[in-house]
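In what follows, a structure is listed as structure tokens, so that the remarks can point back to it.
The values are calculated or read from the model by the stated rules, or taken from the named source; none is laboratory data. For clarity, every value in this text was computed on a predicted model and none was experimentally measured. Don't worry about glycine lacking a Cβ; one is built from the backbone with ideal geometry, like all the others, and counts go over all protein chains shown.
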Amino acid sequence: MSHIVVDPVTRIEGHLRIEAEVDNGQVSNAWSSSTMFRGIEIILQGRDPRDAWAFTQRICGVCTTIHAIASIRAVENAIGAKPPPNARILRNLIIAAQCVQDHVIHFYHLHALDWVDVVSALEADPAATAGLAQQVSDWHNSSADYFTQVKERLGAFVQRGQLGPFANAYWGHPAYRLPPEANLMAVAHYLEALDWQRKFIKIHAILGGKNPHLQSFLVGGMATPVDPNSQAALNIHTIAALKELIAEGLDFVRRVYIPDLLAVASFYKDWAGFGAGVGNYLVYGEYPENEGPSPPLYIPSGVIRGRDLSKIEAFDPEKVTEYVKHSWYEYEGGDGQALHPSKGETKPKYTGPKPPFDRLDTSGKYSWLKSPRYDNLPMEVGPLARMLVAFASGHQRVKELVTSALAQLGVGPEVLFSTLGRVAARGIETQVLAEKMGEWVDELANNMGRGELRIHDSSRWDPKSWPKSATGAGFHEAPRGALGHWVHIEDGKIARYQCVVPSTWNAGPRDAGENPGPYESALLGTPIANPEQPLEILRTVHSFDPCMACGVHVVDVGGREVTCVKVL
Amino acid sequence: MSQDDGTGGGLRAELERRGVSRREFMGFCSAMAALIGLPKGASAMIAAALETKAKPTLVWLEFQDCAGNTESFLRASKPSAAEVVLDLLSVDYHETIMAAAGFHAEAALEATVRDKKGQYVAVVEGSIPTGADGAYCTIGGKSALQIARDVCSNAAAVVAVGTCATFGGLPAAAPNPTGALGVADAVPNIKTLINLSACPVNAENLTATLVFFLTYGRWPATDRYNRPLFAYGKSIHDNCERRAHFDAGQYVEQWGDDGHRQGFCLYKVGCKGPVTFQNCPNIRWNEGTNWPIGCGHPCIGCAEPDFWDRMTPFYSHLTGVPGFGDAADIDKIGLWATAGVGAAFAAHGLVHLGKRAYHRKTEGDPQGTDFTPKPEPSGDDDTAAEPEKGAEQ
């Protein structure tokens, strides 16, 4: 048996360490540890709740919108602000653009190198690559000349002898299975996607001033004025620009990302047998379609237990709790209990080895992440959870795309519970959202045309209009999954703030009952050809799209008893 | 101008191989020259330098970060991230993009520090925690502080990107639970330090700084916070497209009101543009698409030290801004304070603020409320008139 440490896990956001035991060529035990902590909730204490979104937004610069959205929803929920329709539409567009762009970057720039051998691409025949590319898609960049150019660029780069970010990788590893031509096609699209993401995210610059860290959020609405008769507001020019950016973005998703995904997947179908994980899935739901208290959501909420797609439970926020038995925090009433986020009392308590260290003591506390549980069960969150709940709830477009992808690969729905299923679900969600965005732009344009220009509920802007004591929760579906913020406000200031975050759900350590988290479960049984080069571990961990900075910040020093948690 | 296309080793030759025309290349060089404020003809110098030099090594460290500066770097267009990584520099370590992982990734970093001592550029993103013996941020089992000291003190130059790496940023906001520091405070013996503050750094300022170095072999002139004057030499307020509305006394009073829709000044709803020094109004963001004030939200002062404490509450307006309608006396900006800042300092205490780099450099300002940058060059002289400071740091 050998003990493997992968630290840092690269091509993720943040700092993640995986320790694993390998027995007979398979992972027999795994531990996921997050190794960075900032304490953002402590920093929020005593501040103006209207500022909180900007602070929490900086939890993550990759999914740069998500903690802003969850924060303004939590504060609005607490103080009773009601954003007008245009604010809802602008937020839906921002959220969907984030998800689409993030998923494409994940596939090409963070995950692809686990499946694509860049060095092998140097042996590709450009004409054969063109043949392959034209077979899978009618994308315009598919000539032999084009692939010759890409190959020469890559060759010149390698010849110069400075491999930069491609040095020291696992090139030539036996688990790489794509033919050289598929590798070359993927390298070409890796480069194209770099240009694509830069352009597509201009949607955020239009609606949020800049990306990363958009700056148009407001408690009660949005700061982006809407007026067809002004040069300084969203007008017919910006509507046209948004439509063009969305159309180009969707084109790339349909004609490059999805065909690449299916082409790569067809060589790695055995990865439908690995990485299943806990088999429980949690979705809060996203994209409200009207202003009501429980609006219909384009991506539905729900809970799946034990891979049972025949029964979708309703999400109940009271069932969310967190353990700290294996986390570097302590609970006053003992570390064996699980606390609801609204009653958190967490204090950091580092008990690990003093750096520099080689091994963590995984029998004790070993991560800066807590262990969230739903009804005491570990839950996977993210694109796979969302697509499973939508599929099982009869979401028409999701059903069509899932069915079509499975048919093209010649496999049944059971393969979805896997590393490969996670990768496929992310692609399908990208297309579903990119297709939907144009409708929201139309809705915005229609509002503009009929003089509906409101962007903000000013009735609750002044803290004097708030109750002396107020509590709220904000729920959101981030690219990586279900995100909740809980806030308690006293005398116009933040008294307590708590976030329960997608990567905490997925990457958290064992709970008080020693049940492993989703990463830890998913790694069990993973084949390891060479313990010195644990490429297979990266495949499954990356399939979750780790975002560790998001996961770690779980500190709340409020300590007040809160009994009423409202649900958005 | 020396043309070196025949050597086959330069950038120009590589660009040609990939079908980038001479015209496109010179266009890029002109854009760079304009951004870093160089005189006419400088684009030819940039072109010559980029064409002939071998690729210098760069390592990119991430500590208490959100990866926002890395993401911002991916939005760079002149040159793009792909051009920087593949053509201009040898990026030997960057956790977010590198293919290698674990031991093999750390080996790449160690090799750079060992084999290219004193020759590589280190970019740092995120603050460095000093609490809990370094346990608040470890990579490969080593503390961020240890890594920062090993890598930065052996670098030819360090470029701190984003406000966390430059001034401590969000993790260092009161009460600074992890003892977070910016690079200047965490690693005192850095030879040359360039600070590119903002949350996140504007990608074009980062690439322009790198291109300046590649072109001249030295770093741009800086203000007293080590920030390049070409990017941080003037206040947002001075270059704001809404300045005429400030001067005319036309303000946004309420979100979505007529003034807001007409692009009036955001001063009354909290804009920190008058005390924030950055080139956002000029170069904007995402290839010039927009900027925060352009989309109707006030500036939050994200390029300034301690903005999370000194610029909040964000929606309270600055007090004591002279002359509604008068041009502000820029030298007195430092005396302004945000409404509520006094209360915030009282609540959070001033003690931790005393540790900051800018305090050390701001003699006679024990209260730490002075926002004043180094006085600007007189007249219309651009930054080239300033004495070079970067190379002396």
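Applying the condition of being more than 7 Å from every other protein chain (Cβ to nearest Cβ) and among the β-branched types (Val, Ile, Thr) to segment A:7-39 and asking which residue is farthest from the chain's Cα centre (by Cα) yields A:Val22.
Looking at segment A:124-142, which of its residues are touching a residue at least 60 places away in the same chain (Cβ under 8 Å) and farther than 16 Å from A:Glu192 by Cα? If the condition is that a residue be touching a residue at least 60 places away in the same chain (Cβ under 8 Å) and farther than 16 Å from A:Glu192 by Cα, then A:Ala124, A:Leu132, A:Val136 are the ones that fit. Would you check if A:Ile428 is over 25 Å from A:Val253 (Cα atoms) and among the β-branched types (Val, Ile, Thr)? Criteria not met by A:Ile428.
Listed by position, the strands (runs of 3 or more DSSP E) inside segment A:298-414 whose residues that are of a type in the set (A, V, I, L, M) number at least 2 are A:302-304. Restricted to segment A:445-465, and to residues there that are touching a residue at least 40 places away in the same chain (Cβ under 8 Å) and away from chain B (no Cβ under 14 Å), the residue that is farthest from A:Val320 (Cα to Cα) is A:Gly449.
Just one of (1) assigned to a helix (DSSP H, G or I); (2) at the interface with chain B (Cβ under 9 Å from one of its Cβ atoms); (3) without any contact (Cβ under 8 Å) to a residue 40 or more places away in the chain fails for A:Val150. It is (3). Condition first: surrounded by fewer than 24 Cβ atoms within 10 Å (Cβ to Cβ) and under 15 Å from B:Arg310 (Cα atoms). Now tell me which residues in segment B:153-173 satisfy that. Residues satisfying the conditions do not exist here. In the set (1) surrounded by fewer than 17 Cβ atoms within 10 Å (Cβ to Cβ); (2) away from chain B (no Cβ under 12 Å), the condition left unmet by A:Asp195 is number (2). When A:Val136 is tested against the conditions (1) crowded, with 22+ Cβ neighbours inside 10 Å; (2) within 30 Å of A:Leu420 (Cβ to Cβ); (3) among the β-branched types (Val, Ile, Thr), the lone failure is (1). The set of residues in segment A:177-192 being under 11 Å from A:Val116 (Cα atoms) and more than 10 Å from chain B (Cβ to nearest Cβ) consists of A:Arg177, A:Leu178, A:Pro179, A:Pro180, A:Glu181, A:Ala182, A:Asn183, A:Leu184, A:Met185, A:Ala186, A:Val187. Residues considered: A:Arg91, A:Arg73. Of these, the only one that is under 30 Å from A:His456 (Cβ atoms) and touching a Ser or Thr at 6+ places or on another chain (Cβ under 9 Å) is A:Arg91.
Does B:Ala132 satisfy being crowded, with 22+ Cβ neighbours inside 10 Å, within 8 Å of chain A (Cβ to nearest Cβ) and either farther than 23 Å from A:Glu192 by Cβ or out of contact with any Leu (no Cβ under 9 Å at 6 or more places or on another chain) (or both)? When the stated conditions are applied, B:Ala132 does not pass them. For segment A:207-250, name all the residues that are of a type in the set (D, E, K, R), more than 7 Å from chain B (Cβ to nearest Cβ) and touching a residue at least 40 places away in the same chain (Cβ under 8 Å). Of everything in segment A:207-250, those that are of a type in the set (D, E, K, R), more than 7 Å from chain B (Cβ to nearest Cβ) and touching a residue at least 40 places away in the same chain (Cβ under 8 Å) turn out to be A:Lys243, A:Glu248.
If you go through segment B:280-297 and keep only what is in contact (Cβ under 8 Å) with a residue 24 or more places away in the chain, touching a Phe, Trp or Tyr at 6+ places or on another chain (Cβ under 8 Å) and surrounded by fewer than 24 Cβ atoms within 10 Å (Cβ to Cβ), you end up with just B:Pro281. Please enumerate the residues belonging to segment A:457-482 that are crowded, with 24+ Cβ neighbours inside 10 Å and either under 22 Å from B:Phe314 (Cα atoms) or touching an Asp or Glu at 6+ places or on another chain (Cβ under 7 Å) (or both). A:Gly472, A:Gly474, A:His476, A:Glu477, A:Pro479, A:Arg480, listed by residue number. Under the condition of being modelled with pLDDT under 95 and under 19 Å from B:Leu196 (Cα atoms), the residues counted in segment B:236-273 number 0. Within the group A:Ile239, A:Ile258, which residue is under 30 Å from B:Arg243 (Cα atoms) and assigned to a helix (DSSP H, G or I)? Result of the check over A:Ile239, A:Ile258: A:Ile239. When A:Tyr170 is tested against (1) surrounded by fewer than 22 Cβ atoms within 10 Å (Cβ to Cβ); (2) within 27 Å of B:Tyr93 (Cα to Cα); (3) facing chain B (nearest Cβ under 10 Å); (4) in contact (Cβ under 8 Å) with a residue 40 or more places away in the chain, only condition (1) is not met.
Checked against (1) surrounded by fewer than 19 Cβ atoms within 10 Å (Cβ to Cβ); (2) within 12 Å of chain B (Cβ to nearest Cβ); (3) among the charged types (D, E, K, R), A:Asp117 meets all criteria but (1). Among all positions in segment B:139-153, there is at least one residue which is at the interface with another protein chain (Cβ under 7 Å from one of its Cβ atoms), over 25 Å from A:His213 (Cβ atoms) and basic (Lys, Arg).
Within segment B:75-113, the set of residues being at the interface with chain A (Cβ under 7 Å from one of its Cβ atoms), of a type outside the set (Gly, Ala, Ser) and touching a residue at least 40 places away in the same chain (Cβ under 8 Å) comprises B:Arg75, B:Glu95.
The single residue among A:Leu377, A:Leu406 that is more than 27 Å from B:Cys137 (Cα to Cα), surrounded by fewer than 20 Cβ atoms within 10 Å (Cβ to Cβ) and in contact with a Pro (Cβ under 8 Å, 6 or more places away or on another chain) turns out to be A:Leu406. Among the residues in segment B:57-77, are any modelled with pLDDT under 95, of a type in the set (Lys, Arg) and touching a helix residue (DSSP H, G or I) at 6+ places or on another chain (Cβ under 9 Å)? No, segment B:57-77 contains no residue that is modelled with pLDDT under 95, of a type in the set (Lys, Arg) and touching a helix residue (DSSP H, G or I) at 6+ places or on another chain (Cβ under 9 Å). Would you please name the residue that is nearest to B:Asp238 (Cα to Cα), looking only at residues in segment B:251-309 that are part of a loop (DSSP other than H, G, I, E, B), of a type in the set (D, E, K, R) and touching a Ser or Thr at 6+ places or on another chain (Cβ under 6 Å)? The extreme case among them is B:Glu304. Report yes if some residue within segment A:251-258 is surrounded by fewer than 22 Cβ atoms within 10 Å (Cβ to Cβ), in contact (Cβ under 8 Å) with a residue 60 or more places away in the chain, hydroxyl-bearing (Ser, Thr, Tyr) and in contact with a helix residue (DSSP H, G or I) (Cβ under 9 Å, 6 or more places away or on another chain); otherwise report no. There is no residue in segment A:251-258 that is surrounded by fewer than 22 Cβ atoms within 10 Å (Cβ to Cβ), in contact (Cβ under 8 Å) with a residue 60 or more places away in the chain, hydroxyl-bearing (Ser, Thr, Tyr) and in contact with a helix residue (DSSP H, G or I) (Cβ under 9 Å, 6 or more places away or on another chain). Is there a residue in segment A:66-79 that is within 14 Å of chain B (Cβ to nearest Cβ), out of contact with any Phe, Trp or Tyr (no Cβ under 9 Å at 6 or more places or on another chain) and touching a residue at least 60 places away in the same chain (Cβ under 8 Å)? Yes.
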